[in-house]
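Enquirer: Take this structure first; my questions come after.
Values quoted throughout were computed directly from the atomic coordinates according to the rules given, and no laboratory measurement underlies them. None of the values given here were measured: they were computed from a predicted structure. Heads up, the Cβs are rebuilt from the backbone with ideal geometry, glycines too, and the neighbour counts pull from every protein chain shown.
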Amino acid sequence: MSVLFTPLRLRGVETRNRVWVAPMCQYSADNQDGIPTDWHLVHLGSRAVGGAGLVMTEATSVTDDGRITPWDLGIYNDPQVAAFQPITRFIEAHGAVPAIQLAHAGRKASTNRPWMGGKPVAPADGGWDVRGPSAIAYNEGYPEPSAYSTEEVHGIIAAFAEGAQRAVRAGFRVIEIHSAHGYLLHQFLSPHTNLRDDEFGGSFAGRTKLTVEVAKAVRAVIPATMPLLVRISTSEYVEGGWDVEESVALATLLKDAGVDMIDCSSGGNLPHQALTVYPGYQVGFAREIRERAGIATGAVGLIVEPNHAEAVVAGQDADVVLLGREELRDPYWPMHAAKALGADHEWPVQYARAK
Ligand SMILES: Cc1cc2nc3c(=O)[nH]c(=O)nc-3n(C[C@H](O)[C@H](O)[C@H](O)COP(=O)(O)O)c2cc1C
């Protein structure tokens, strides 16, 4: 009996199984105005048809200057809301739960698409000035961000709350806050990138304040039935940096703030990180957060084999697995995995003759 193909309920939302599609930037808002296109409908829609329990959008920025590239999605205006509606409707019509990842790239904003080199884009070339917790560039060749004032940080919290309200109007059923991979909220968490001396810096309480306040502000404006997730980089793999101990403590604070699940990723904040990648390399983080903070977790990172995914949830390392690149290779992975695991899994009626 497969556990992977049993439903999971969080608040008022049930996903038909525990195979979720991880957030993945598509760099395909082709007018550079943050509005989803046909690409997003087909890309996200295919993964719903393919049988995933939940399909999450890429990092979707709550402000125009929080986009990683000028081709990223945004949720900071009404045309974006309207363009998301047919996408969420389609995902839901095909049995998956539509989720959005709310994000702000901070000092890592304003870069080029990966297939155009991925390097920073200067304001003169269509980019913009980047901002962050402190005036520290990500790496050589990256611009030095100007530090946000305390008042501006409060504005970021408000922008996340407004983005969440728009996401509800756009038809999303689950919200994830992106506090990982070296983007703005993670930049505030780390003592290497946050040298502030105001209420949003210094001690653990100060560095975590932005993520916790964003979670509280989002929770306050979304329906009580709507699950709220936070993605964190459980470790940044640098001596004296953000680590598992701080992640457990943050997860506990987030649980008290009304967060329902921690999506456990890692790395991305510091270019000299000592990261070793192997199948399931982040599963141990999901297990530790789940056990020690007493909150549901998602495991992500090189989970590609059905038996491995099954073992992660059956062994209670995590409550769900999120698949990234494997879902790009095969949007029908859930159908294939269900077959391999001998689980019952409905196919779209249109495809029944192929089952
Ligand atoms: C093309 C691509 C885009 C990604 N974009 C995002 C993103 O927008 N937000 C995020 O949190 N992670 C992003 N990631 C990371 C994935 O969500 C996932 O954590 C990572 O790829 C590891 O899982 P995998 O081994 O199953 O691919 C991206 C990964 C890829 C390959």
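Enquirer: Over the range 8-354, what is the mean sequence separation of C-alpha contacts under 8 Å (at least six apart), divided by residue count, expressed as relative contact order in percent?
Expert: With pairs under 8 Å counted, the relative contact order is 16 percent.
Enquirer: Please state the shape class of the range 119-203: rounded when a/c is under 1.5, otherwise prolate if a/b exceeds b/c and oblate if not, all from the C-alpha gyration tensor.
Expert: oblate
Enquirer: Taking only Cα atoms, what is the 0 to 90° angle, nearest 10, from helix 78-93's long axis to the longest principal axis of the chain?
Expert: 30 degrees
Enquirer: Any chance you could count the Lys pairs in the chain whose alpha carbons are under 29 Å apart, treating pairs 8 or more apart or on different chains as valid? Walk me through the numbers on the way to the answer.
Expert: Details: K108/K119; K108/K209; K108/K216; K108/K255; K209/K255; K216/K255; K339/K355.
Eligible lysine pairs with Cα atoms under 29 Å apart amount to 7.
Enquirer: Follow-up. Determine, from the Cβ-Cβ distance of D197 and A274 and an R0 of 25 Å, the FRET efficiency 1/(1 + (r/R0)^6), rounded to the nearest 0.05. Don't jump to the answer; show the numbers that get you there.
Expert: On the way: r = 29 Å, r/R0 = 1.16.
With R0 = 25 Å, the Cβ-Cβ based efficiency is 0.30.
Enquirer: Another one. Ignoring everything except DSSP H segments at least 4 long, calculate the 222 nm mean residue ellipticity for the chain; use -39,500 (n - 2.57) per segment, divide by total residues, nearest 500.
Expert: Working: 10 runs with 119 residues, N = 355.
Computed mean residue ellipticity for the chain: -10500 deg cm²/dmol.
Enquirer: Taking the alpha-carbon centroid of each part, what is the distance from the range 232-256 to the range 10-75 in angstrom?
Expert: 26 Å
Enquirer: Separate question: Give me the extension gain from E14 to Q316: residue separation times 0.36 nm, minus the current Cα-Cα distance, reported in nm with one decimal. If you can, show how the numbers build up before the last one.
Expert: Numbers: separation 302, 0.36 × 302 = 108.72 nm, distance 1.85 nm.
Result: 106.9 nm gained on full extension.
Enquirer: For the range 8-354, what does the convex hull of the Cα positions come to per residue, in cubic angstrom?
Expert: Working: hull volume 43.4 nm³, N = 347.
Looking at the range 8-354, the number lands at 125 Å³ per residue.
Enquirer: Go through 290-297, 133-140, 149-156 and give me the packing order, highest mean Cβ count within 10 Å leading.
Expert: Working: 290-297: 18.2, 133-140: 16.1, 149-156: 14.2.
Packing proxy ranking, top to bottom: 290-297, 133-140, 149-156.
Enquirer: Residues of the range 165-205 with backbone nitrogen within less than 13 Å of a virtual label 7 Å along the Cα-to-Cβ line of E245, please, listed as ranges.
Expert: Under 13 Å, as judged by backbone N against the label point of E245, lie 204 of the range 165-205.
Enquirer: Only Lys, Arg, Asp and Glu count, each charged at its Cβ (+1, +1, -1, -1), so figure out the dipole size of the chain about its Cα centre, rounded to 20 debye.
Expert: Working: 30 positive and 41 negative charges, 197 e Å.
Roughly 940 debye, rounded to the nearest 20.
Enquirer: Right, next: Which FRET efficiency value, to the nearest 0.05, do you get for H336 and E291 by plugging their Cβ-Cβ distance into 1/(1 + (r/R0)^6) with R0 = 25 Å? Display every interim value, and only then the final one.
Expert: Working: r = 31 Å, r/R0 = 1.24.
The computed FRET efficiency comes out at 0.20.
Enquirer: At 7 Å along Cα-to-Cβ for each site, give me the label-to-label distance between V221 and N77 in nm.
Expert: Modelled inter-label distance: 1.8 nm.
Enquirer: Here's another thing I want to ask about it. Which cross-chain or sequence-distant (5 or more) residues have an amide H under 5 Å from the amide H of V55, H modelled 1.01 Å from N in plane?
Expert: Close amide H contacts, sequence-distant or interchain: V21, V97, A99.
Enquirer: Could you tell me how far the Cα centroid of the range 78-126 sits from the Cα centroid of the range 128-198, in Å?
Expert: Centre-to-centre distance over Cα atoms comes out at 15 Å.
Enquirer: Taking 0.36 nm per residue of separation and subtracting the Cα-Cα distance, what length does fully extending A158 through D65 add?
Expert: On the way: separation 93, 0.36 × 93 = 33.48 nm, distance 1.49 nm.
Going from the current span to full extension adds 32.0 nm.
Enquirer: Still on this model: Would you mind computing, in nm to one decimal, how far apart the modelled labels at E305 and Y281 are, each placed 7 Å from Cα along Cα→Cβ?
Expert: A separation of 1.8 nm, rounded to one decimal place.
Enquirer: Moving on to the next point. How much of the DSSP bridge set in the chain is antiparallel, in percent, rounded to the nearest 5?
Expert: Values: 4 of 39 bridges.
Here the share of antiparallel DSSP bridges comes out near 10 percent.
Enquirer: Would you mind getting me the FRET efficiency between A352 and K119? Use the beta-carbon distance for r and R0 = 45 Å, nearest 0.05. Display every interim value, and only then the final one.
Expert: On the way: r = 48 Å, r/R0 = 1.06.
The pair A352/K119 has a calculated efficiency of 0.40.
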